[in-house]
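Engineer: A single structure is presented below for examination.
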Ligand code: UD1
C-alpha cells in the first residue's frame, strides 16, 4: 500500500510519515525543501527503522510533476501537505502563495485524474472559519472571508478539490487543523521554523533556550477570562494519526461522501497565558515575556467541536497541553545540543 506524502519532510508531514510506516504503509515523500531539510529522511529512518523513498520535487513544476507521476502511478493515496503557511508573508506576496499553494494542488489533481488515483487527504485549516459566532466550531459553520492570502488559498483549495471530485473519481478528506504544536517523543523530528517564528510555541521555546530575548504576548484585552486569546492546541502526533485514519477510511471505502471534512483539534481552548504557565511548569524555566498590543488579523477565540471526527473517524486527540509543551521543549533542547 503505497502512499505519497507531499511536504513529507516538513513539520506535520514528517510526523505523519512515521505514523504511516507504523501502520505498514510504504511511503514516498516529495518535497522541494523550501522550508525543510533532506536529513529529516534520516531522522524518520532512525525513528521507524524504515527509510522512506524521497524525491526533491517542486510540485508547481508541471513537467517535472507529470514526469514523477509517470513513474509513480501505483499510489493508494496522496496526503498533500506541501504548501506555504506564513500569514504575514502571504500578505506581502500573495501571488507567491497562489502560485505555490493552488498551482501544486492543480498539478496533483490532474495527475490523480490521469493515473486514476482515488484518494486525497488535504491539509486545511481552522482559519477558514475566521472568528466563528458559535463555539465550539462545527464543520458546517459558515466559511468567512479569509483574512489573508494564505487563508484564502486554503478556502480556494477546498473548493478546487470539491469541484474536481464532482466530475471525477477523486475522493477527498479535508482536515481542518486547529493549532498543531509539540514534537515526536524521540525529539528527532519537530518544527523547524526558518528565521523568527510567527507562531506562539516555537517563540516560547526559542525564548526559553536563549535564541530570542523576550516573548510578546499579543493582547490582554480580549473578551476571555484572562484577557489573552484562546486557541485549540493539538499535539502533532495526535494530528498525524488522524491522517492515517483518514487515508484508511478512504482506502476501505468507509466514507459517507466523496468529500468529507473533519475538524482536528482537542476541543479544549487555552489562552496564551495558560500556554505559558504550562510551559513554565513542565520546563522549570521562567519565561521572559511582556504584554503588548494585539497582533493585526488575530481572532479572539476559536476551538473545535470534535464530535464528528471522534464519532466518524473513531479518532480522538489524547495528549494534554502539558505533554505538548514538554515535547516542544525537549525538541528545542535537542536542537540546541546539535549546534
Ligand atoms: C496562525 C495563523 C493561522 C495559521 C496557523 C498555522 C495568524 C493570524 N493565523 O494561527 O492562519 O493556520 O498560524 O501555523 O497568523 N501569540 C503571541 N505571541 C507570539 C505569537 C503568537 O501572543 O509571539 C499569540 C497569538 O496572538 C495567538 C496565539 O498566540 O493568540 C497563537 O498564535 P499562533 O501560534 O501564531 O497561531 P494562530 O494565530 O492561531
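Engineer: Cα axis of helix 321-338 to longest principal axis of the chain: angle in degrees, 0 to 90, nearest 10?
Structural biologist: 80 degrees
Engineer: Also: By the gyration tensor of its Cα atoms, with a ≥ b ≥ c the square roots of the eigenvalues, what is the shape of the chain: rounded for a/c under 1.5, prolate for a/b over b/c, or oblate?
Structural biologist: prolate
Engineer: Still on this structure, I have one more. If I take every Cα pair under 8 Å that is 6 or more residues apart in the range 1-96, average their sequence separation and divide by the length, what percent do I get for the relative contact order?
Structural biologist: 35 percent
Engineer: Over the chain, what is the mean sequence separation of C-alpha contacts under 8 Å (at least six apart), divided by residue count, expressed as relative contact order in percent?
Structural biologist: Worked out over the chain, it gives 19 percent.
Engineer: If you don't mind, there's one more thing I want to ask. Report the FRET efficiency, 1/(1 + (r/R0)^6), for residue 196 and residue 257, where r is their Cβ-Cβ distance and R0 is 35 Å, rounded to 0.05.
Structural biologist: Between residue 196 and residue 257 the formula returns 0.25.
Engineer: Ok, one more. Per DSSP H run of at least 4 residues, take -39500 (n - 2.57); add these up for the chain, divide by its residues and hand me the 222 nm value, nearest 500 deg cm²/dmol.
Structural biologist: After summing the helix terms and dividing by the residues of the chain, the value is -11500 deg cm²/dmol.
Engineer: Something else: State, as an integer percentage, the relative contact order of the range 33-170 based on alpha-carbon contacts under 8 Å between residues 6 or more apart.
Structural biologist: Result for the range 33-170 is 26 percent.
Engineer: Right, another one. Compute the length gained on full extension between residue 145 and residue 95: take 0.36 nm times their separation in residues and subtract their Cα-Cα distance, giving the result in nm to one decimal.
Structural biologist: Result for the pair: 16.2 nm of gain on full extension.
Engineer: Now for a different question. Of 300, 63, 110, which is the most mobile in a GNM of the chain whose springs link Cα atoms less than 10 angstrom apart?
Structural biologist: Evaluated over the chain, the most mobile residue of the options is 63.
Engineer: Something else now. When 250, 1, 325 are ordered from fewest to most other Cβ atoms inside 10 Å of their Cβ, what list results?
Structural biologist: 1, 250, 325
Engineer: Could you tell me the calculated FRET efficiency between residue 288 and residue 38, based on Cβ-Cβ distance and R0 = 30 angstrom, to the nearest 0.05?
Structural biologist: Approximately 0.30, to the nearest 0.05.
Engineer: Moving on. Measure nothing fancy, just the Cα-based angle from helix 149-166's long axis to the longest principal axis of the chain, in degrees from 0 to 90, nearest 10.
Structural biologist: Computed tilt is about 30 degrees.
Engineer: Turning to a different aspect of this structure: How much length would be gained if the chain were fully extended between residue 116 and residue 298, taking 0.36 nm per residue of separation minus their Cα-Cα distance, in nm to one decimal?
Structural biologist: Length gained, residue 116 through residue 298: 61.4 nm.
Engineer: Pick from 15, 115, 243: which is most flexible by mean-square fluctuation in a GNM of the chain where alpha carbon atoms under 10 Å apart are linked?
Structural biologist: Maximum fluctuation in the GNM of the chain, among the listed residues, is at 115.
Engineer: Considering only DSSP beta bridges where both residues belong to the chain, give the percentage that are antiparallel (nearest 5).
Structural biologist: Restricted to the chain, the bridges split so that about 5 percent are antiparallel.
Engineer: Now a separate question. Tell me the angle of helix 272-283 to the major Cα principal axis of the chain, expressed in degrees between 0 and 90 and rounded to the nearest ten.
Structural biologist: For 272-283 against the chain, the angle is about 90 degrees.
Engineer: Shifting gears a bit: Which of rounded, prolate or oblate describes the range 10-118 when judged by the alpha-carbon gyration tensor and an a/c cut-off of 1.5?
Structural biologist: The shape class here is oblate.
Where a number appears in this text, it was derived from the coordinates with a stated rule and is not lab data. Bear in mind the structure is a predicted one, so any value in this text is a computation, not a measurement. All Cβ positions, even for glycine, are placed from backbone atoms using ideal geometry, and neighbour counts span all protein chains on display.
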